[in-house]
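Take a look at the structure below.
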Amino acid sequence: MTQFSLSFGSSLLICDDQGRYTPATVDQILAAARQAVDAKMQRGASFTSTDTVKEYLTTKLGGCENEIFAVIFLDTQHRLIEYREMFHGTIDGAAVYPREVAKASLRLNAAAVIFSHNHPSGNPEPSSADRSITQKLKEALSLLDIRTLDHIIVGGESAVSFAERGLI
């Protein structure tokens with residue numbers, strides 16, 4: 001994870017409720033970055049490039065201390081319907097339930113999905129458990145005619161794509 005060094009002379013500032021400016025904390029900076037990404041990638045944004053998806057997800061999940069499993073729900077043209085953080089876990093795992101992913105996919109009328117989760121350790125290499133849950137999710141959703149396009153694992157500032165590695 002990137003280390004931030006904030007000194008008073010070069011700090012990013014935030015305005016508090018009383019109108020005073022104070023140095024921003026690392027958590028506040030990361031929250032602001034996530035809001036900026038959300039504003040940039042709104043409903044209807046196209047997710048046709050793996051690099052775009054990796055950049056988006058690295059910003060969303062890269063600085064998280066606990067594992068988060070998220071799904072990007074897409075329409076038939078691979079445009080964003082919704083990004084949803086579905087399952088939150090501990091520092092080294094999160095329970096993922098295919099039934100809940102299927103229910104959300106149907107509610108949103110998604111034609112395709114991209115799975116993602118972070119590895120708080122910073123190492124984005126897929127584990128055997130990552131491969132197994134991806135296969136289970138892909139099989140469950142294929143019965144509903146929902147395509148699984150990718151599974152991106154984010155570790156700090158880097159990301160690994162299952163599709164690029166031929167794992168999907």
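No value in this document is a laboratory result; all are computed from the given coordinates. Everything numeric in this text was worked out from a predicted model, so none of it was measured. Note that each Cβ is placed from the backbone with ideal geometry, even for glycine, and that neighbours are counted across all protein chains shown.
The figures follow:
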{"quantity": "Those residues of the range 63-94 whose amide nitrogen sits under 14 Å from the label point placed on S132, 7 Å along Cα→Cβ", "calculated": "93-94"}
{"quantity": "Equivalent ellipsoid semi-axes, the range 82-158, via Cα gyration tensor eigenvalues times 5, rooted, Å", "calculated": "22, 12, 12"}
{"quantity": "Distance (nanometres) between label positions extended 7 Å along Cα→Cβ at T90 and L167", "calculated": "2.2 nm"}
{"quantity": "Simple spin-label estimate for N123 and T48 in nanometres, 7 Å along Cα-Cβ", "calculated": "3.8 nm"}
{"quantity": "Residues whose placed amide H lies under 5 Å from that of F87, excluding near-sequence neighbours", "calculated": "F69"}
{"quantity": "Calculated from backbone phi, Karplus (6.51, -1.76, 1.60) coupling profile of the range 82-87 in Hz, x at Gly/Pro", "calculated": "6, 9, 9, 7, 8, 9"}
